[in-house]
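Below is one structure, written out as structure tokens; the observations come after it.
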Amino acid sequence: MTSYAFPGSTAPSPAAPYDAVVLAGGAARRLGGADKPGVRVGGRQLLDRVLAACADAHGTVVVADPRPTARPVRWAREDPPGGGPLAALGAGLGGTTAEHVLVLSADLPFLAGATVRALLTALRDTAADGAVLTDAEGHDQPLVAAYRAPALRRELAALTAAHGGLAGLPVRRLTAALDLTRVPDPVASFDCDTWDDIATARARIREHGTVLDEWISAVKDELGLDLDVDTGVLLDLARDAAHGVARPAAPLTTFLVGYAAARAGGGPEAVAEAARKAAALALRWEEEGASDDTPDRTPDQGPAAG
């Protein structure tokens with residue numbers, strides 16, 4: 001077993017297409033049974049944040065009951081519902097065709113495309129059955145990983161034959177039979193198991209160095225935009241036009257509202273609808289900041305024991 005280091009956001013894009021399986025049907029007992037994939041961090045559902053990180057997947061299967069999402073996906077459900085992650089993985093895998101499969105839980109607020117590319121590159125560049133993310137303490141995160149689909153199917157079939165099914169089996173029964181390489185990332189591996197974790201994630205995205213990027217990403221998702229925004233150029237333009245704007249999110253949001261309205265055909269109705277969506281997002285953003293206490297846990301400490 002090896003460890004694969006990568007140079008942060010400069011990881012190259014994977015050469016081969018891949019499918020993604022997102023597990024989003026857990027009971028969330030440590031959140032009091034709340035709808036964890038639907039919990040919002042930075043104005044976006046946790047599930048949508050994960051889906052954004054794997055937006056270039058050839059196909060994406062979400063294992064959960066269907067719900068509105070920021071991009072189209074296919075849906076699957078384990079049998080019985082609530083049968084655990086291996087049963088969910090088996091159900092999701094049935095909807096994939098690619099040689100490489102990205103497996104993700106739906107509670108990863110800091111997962112980004114660069115981490116996804118690093119996992120797929122590590123898998124492609126080694127002979128391993130899978131490339132798994134490791135947290136700040138070096139623990140494997142098998143539900144943030146890229147696998148070779150034939151290896152997954154082989155071992156899941158063996159477990160099914162040995163136990164009469166996959167329901168209730170721990171993930172380690174699968175990973176123990178696989179040859180794995182490892183990609184360390186203490187931030188992307190941070191998951192939200194408790195309300196303290198949610199508060200930590202919400203506080204982290206409001207840090208000075210990241211808040212504007214997070215806000216623009218949230219607005220683009222809310223308005224359905226697939227657009228690369230050069231925030232530096234736009235901020236310079238806004239500063240020059242408005243003689244030094246004190247609230248940089250305002251001109252950027254206005255631009256995105258206008259762009260969304262133009263795509264919708266323009267006119268007062270399109271502008272009003274786009275503005276309504278952005279205003280509702282801003283209200284949710286403000287309410288999160290007002291309701292959350294300062295958490296004790298920081299993302300680089302890794303996930304809480306579950």
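The values are calculated or read from the model by the stated rules, or taken from the named source; none is laboratory data. Here the structure is a predicted model, which is why all the values come from computation and not from measurement. Every residue, glycine as well, gets a Cβ built from its backbone with ideal geometry; the counts of neighbours run over all protein chains shown. All accessible areas refer to the heavy atoms of the entire protein, side chains included, with ligands and DNA or RNA removed. Shrake-Rupley method; radii C 1.70, N 1.55, O 1.52, S 1.80 Å.
For the reader, a short list of remarks on this structure follows.
- Across the stretch 125-132, coupling constants 3J(HN,Hα) worked out from phi with the 6.51/-1.76/1.60 Karplus curve, θ = phi - 60°, read 8, 10, 9, 5, 6, x, 10, 10 Hz, and Gly and Pro carry x.
- With a cut-off of 12 Å on the backbone N, the residues of the stretch 59-79 near the modelled label site 7 Å out from residue 263 along Cα-Cβ are 71.
- Computed extension length for residue 271-residue 286: 3.2 nm, one decimal, from 0.36 nm per residue of separation with the Cα-Cα distance subtracted.
- Using θ = phi - 60° and Karplus 6.51 cos²θ - 1.76 cosθ + 1.60, couplings along the stretch 164-175 (whole Hz; Gly, Pro as x): x, x, 10, 4, x, 7, x, 4, 4, 4, 7, 5
- Probing with 1.4 Å while keeping every protein chain in the model, the per residue accessible area of the stretch 101-164 equals 32 Å².
- Amide H within-cut-off set for residue 100, under 5 Å, with H built and near neighbours excluded: 19, 149
- Charge dipole of the stretch 38-162 about the Cα centre (unit charges at C-beta), most positive-ward option of 83, 95, 108: 95
- Taken per residue, the accessible surface of the stretch 26-95 reaches 42 Å², heavy atoms only and a 1.4 Å probe.
- Residue-by-residue Karplus 3J(HN,Hα) for the stretch 249-260, coefficients 6.51, -1.76, 1.60, Hz, glycine and proline x: 5, 5, x, 5, 5, 4, 4, 5, 4, x, 5, 5
- Linear extension gain, residue 55 paired with residue 71, 0.36 nm per residue minus alpha-carbon span: 4.9 nm
- Distance from the stretch 112-142 to the stretch 51-90 (C-alpha centre basis), Å: 20
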